[in-house]
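As structure tokens, the structure follows; a few thoughts come after it.
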Amino acid sequence: MLMQDLRYAVRSLAANRGLTAAAVLSLALGIGANTAIFSVANALLLRPLPYAEPDRLAILWNRSPGLGIAEDWFSTAQYFDIKQHSTSFDALAIALGGLITLTGDGQPERIGFIRISASMLPLLGATPAYGRLFTEADDQGPPGTERVVILHHGTWMRRFGGDPSAIGRTILLNGTAYEIVGIMPPAFTLPREVMNTLGGAEEAEVLLPLRLGPEAAQRRNGEDFNIMARLKPGVTSAQAQAEMDALTARLREQYPDFYPPRGGLTFSVVPLQDEVVGDVRTPLLLLLGSVGLVLLIACANVANLVMSQVLGRRKEVAVRAALGASRLRIVRQLLTENLVLALCGGMAGVLLALWSLDVIQALGAGSIPRIGEIRIDPRVLAFSALVSTGAGLLVGLYPALRLGRADAARALHDGGRGASAGQALWGRGGLRQALVAAQFALCLMVLVTAGLLVRSFARVQQVAPGFDPAGVLTFQVSLGAQKFREPERVYEGYRGLWETLEQIPGVTAAGGVTALPLSEMFAWGPITVEGRAVSPGERFINVDQRTIAGDYFAAMGIPLIKGRNFTEDDRPGTPHVVIVDELMADQLWPGLDPIGKRIRTGGFDVRPDTPWMTVVGVTGRVKQYTLDGPEPRIAMYHWHRQRPGRNLSVVVRGAGDDPATLTPAVRQAVRDLDPDLPIYGVKTMDARVAASLAQRRFAVALLAFFGVLAFALAAIGTFGVIAHLVSQGTREIGIRMALGATPERISAMVVRGGLMMSAIGIAIGLAGALVLTRYMQSLLFGVTPGDPLTFAIVTALLLATAVLAAWLPARRAARIDPLISLRADE
């Protein structure tokens, strides 16, 4: 019986190729969009992380909201505090990451590394592909004496071609030899979403032991360490958080100098899955909701197409009923047709989703975690099948039941006249009109959501970053400790680099900085201000601190508002000088001239012999972290000659339109300085600005596409329904015209009927959009969830679309010859 129904369904759909193609295309677009976005959600939210029992893993964060510190790392003393006083964790590990220079067996590379306690890899359930993991013995001994390394699988393949005999060989890291004792399997990785102390690297390519030393349990300075934990079976994150709250309350009382009461120190327990997904969860859920609305619009379209066949098939169904077919048999047959239709749409939708994955991965590269893991797997296929089946039932159930209840005798007598269908447009109501209204309501909600994000994106792009990114090339370099040991040698090495870079044709300025804007690099610390009255409970002022070299301000286009720049006279042995940003000047010396004021690093308990630093200049405010958020701290700049460091981000300003063309000459300049120095992170500043907006761009691009898709489906669906109703109402129109109705009145009647359906949908959609957009507040910038301009533009667009969709069939209705229409329906 089922095979008979399927064969009949296929023949019936093949006989109506136009309707079948339109329905399959509509469903394919809706199901394909849902499948594609669900594949993203599956990779990020549903697929477990590649570690043992990932639901029990957590990342800990050190927070002091009263000091403007939303997320910070830990000191070693805090690690031992947690280790000794917590009962919620059955394993705890500490890590410290960054960038390191790998040499030997190939070209020099600057790669991510992570120093980990021996407990880290067992905590993650990791086992080596070759060799061994770290042992407790590797954790012992003075810091800096460890000489063993475990390689990431990709690093092993790249440097040693996958040779297992690499175990026992040595590699050079920052010029020091390390013995390879282990190789990790291909599936194991420690990306920056998991270990965020990697200094800009995407993942840890080498693992080193972390030797803390006996004094680590008392060292409360140097909050530079990640802490990862595994919860005990049955312990929830909320229970662990309550324990951490009690612990930090004791620490605030025990160490008020380190943890001032107003700082609000707390250790946050964040499930590792939530940490990896991060800020992507909200826009992803918004995308899932939007594609769900698109699918409903597509289903409404197909339902209208199916309903358009209801009257045409009444006689066919009546004949089958007269020949003995039961109502259940008829309903089942019609449902089978719609399920076949939906499954065809589902298969086409999966193909569309497969083709779209490359686009989604390209849009989300660098901004969406685990983007490389997005694929069509069995869970996604099951979701697509479920959606297709649901769509088939949703589309076909009502028409099937309606036909199944049809009066056979009346259907045979009427022979398929369409007067009642015509009347439905002009006041009697019906499912098709309700579906059109629903399409407009859903379309308005999608378009308003997309419109708000588009306007937010435009506002973010208008934000002044405090620097001029046009024409700027950036890269990173680290002078090797073997050749650049002494501070003066480091300074001289970089000064030679600036001179060489500025001799390149087209280069107008070159310099360096320890923390490049919009690069996930930062450093902050406490300062005290000479002569400033201390507020009650205040322990220190927290300030972003950056060291610059060369002609950095000119290279970045950061304006010097007051005072002077650093000079060669500001050298070791002379008073330390600093430049502050304008917000720091306004906050610390309101209404006063900051030039000549003195500050020093450290809190109010700083040692008396700590040298004072004199403010010699004031610069503009720079967007260091994001374009769409407030800067959490005031900022100051040190001079590289007085505070030399080997690691700098280099900035080169070119006179041409494309600074990337300077890359070969820049690489040569670095090779001239030291052929063993790796140059890495080469990127234009425009590209860095664009990358900082990548997550917003991802959501905006997809939502805009879904908005256009929803709009097209709604417009086509409205036109199709009105055109069909006009066709079905030909006899009624003929009667009206025979009784004296003018073509203008007929046209106005059709347009009025179409507008009525659309206006009801728009009104419902406005109410729904006002509710939906309240949950978008965190995604918006510079616009409110109820932005009147966005709502007005979308409403006007849909009303204009409704008028156009009704006007075209109205023209046809106005041209109907009453004699021909009445004779044709006899």
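The values are calculated or read from the model by the stated rules, or taken from the named source; none is laboratory data. Computed from a predicted structure; not experimentally measured. With ideal geometry, Cβ positions are generated from the backbone for all residues, glycine too; neighbour counts draw on all protein chains shown. Areas reflect the complete protein model, heavy atoms only, side chains present, ligands, DNA and RNA absent. Shrake-Rupley method; radii C 1.70, N 1.55, O 1.52, S 1.80 Å.
Just a few scattered comments:
- Applying the set (1) at pLDDT below 65; (2) exposed (fewer than 14 other Cβ atoms within 10 Å of the Cβ) to Ile330 leaves exactly one unmet item: (2).
- Candidates in segment 138-158 are the residues that are under 23 Å from Ala52 (Cβ atoms) and modelled with pLDDT under 90; of these, the one that is surrounded by the most Cβ atoms within 10 Å (Cβ to Cβ) is Asp138.
- Take the conditions (1) more than 30 Å from Val395 (Cβ to Cβ); (2) out of contact with any Asp or Glu (no Cβ under 6 Å at 6 or more places or on another chain); (3) touching a residue at least 12 places away in the same chain (Cβ under 8 Å); Lys83 misses just one of them, which is (3).
- Strands (runs of 3 or more DSSP E) (entirely within segment 586-671) containing at least 1 residues that are open to solvent by 30 Å² or more (accessible area, probe 1.4 Å) and not polar (S, T, N, Q): 598-601, 647-654
- Cβ-Cβ distances below 6 Å connect the following pairs, each with a first residue in segment 506-524 that is in contact (Cβ under 8 Å) with a residue 60 or more places away in the chain and more than 20 Å from Asp658 (Cα to Cα), a second residue that is aromatic (Phe, Trp, Tyr) and open to solvent by 20 Å² or more (accessible area, probe 1.4 Å), and a separation of six or more residues or different chains: Ala515/Phe522.
- Counting only residues that are surrounded by 13 or more Cβ atoms within 10 Å (Cβ to Cβ) and more than 30 Å from the chain's Cα centre (by Cα), segment 214-234 holds 6 of them.
- The set of residues from segment 441-471 being among the polar types (S, T, N, Q) and either open to solvent by less than 10 Å² (accessible area, probe 1.4 Å) or touching an Asp or Glu at 6+ places or on another chain (Cβ under 6 Å) (or both) comprises Thr449, Ser456.
- Sole exception among (1) within 38 Å of the chain's Cα centre (by Cα); (2) in a loop (DSSP other than H, G, I, E, B); (3) modelled with pLDDT of 90 or more; (4) farther than 25 Å from Gln476 by Cβ for Glu538, by number: (3)
- Residue in segment 549-568 that is open to solvent by 10 Å² or more (accessible area, probe 1.4 Å), over 27 Å from Pro632 (Cα atoms) and of a type in the set (Phe, Trp, Tyr) present: no
- Among the residues of segment 741-760, some residue qualifies, meaning at least one is at pLDDT 85 or above and surrounded by 14 or more Cβ atoms within 10 Å (Cβ to Cβ).
- When segment 25-52 is limited to residues that are aliphatic (A, V, I, L, M), open to solvent by 10 Å² or more (accessible area, probe 1.4 Å) and more than 20 Å from the chain's Cα centre (by Cα), the one that is modelled with the highest pLDDT turns out to be Ala52.
- Failed criterion for Gly617 (all others in (1) of a type outside the set (Lys, Arg); (2) more than 30 Å from Ala362 (Cβ to Cβ); (3) free of Cβ contacts under 8 Å to residues at least 40 places away in the same chain hold): (3)
- Some residue of segment 129-137 being surrounded by 19 or more Cβ atoms within 10 Å (Cβ to Cβ), assigned to a loop (DSSP other than H, G, I, E, B) and in contact with a Lys or Arg (Cβ under 9 Å, 6 or more places away or on another chain): no
- Just one residue in the set Asp55, Asp81 is over 23 Å from Leu207 (Cα atoms), over 27 Å from the mean Cα position of the chain (by Cα), among the acidic types (Asp, Glu) and modelled with pLDDT of 90 or more; that residue is Asp81.
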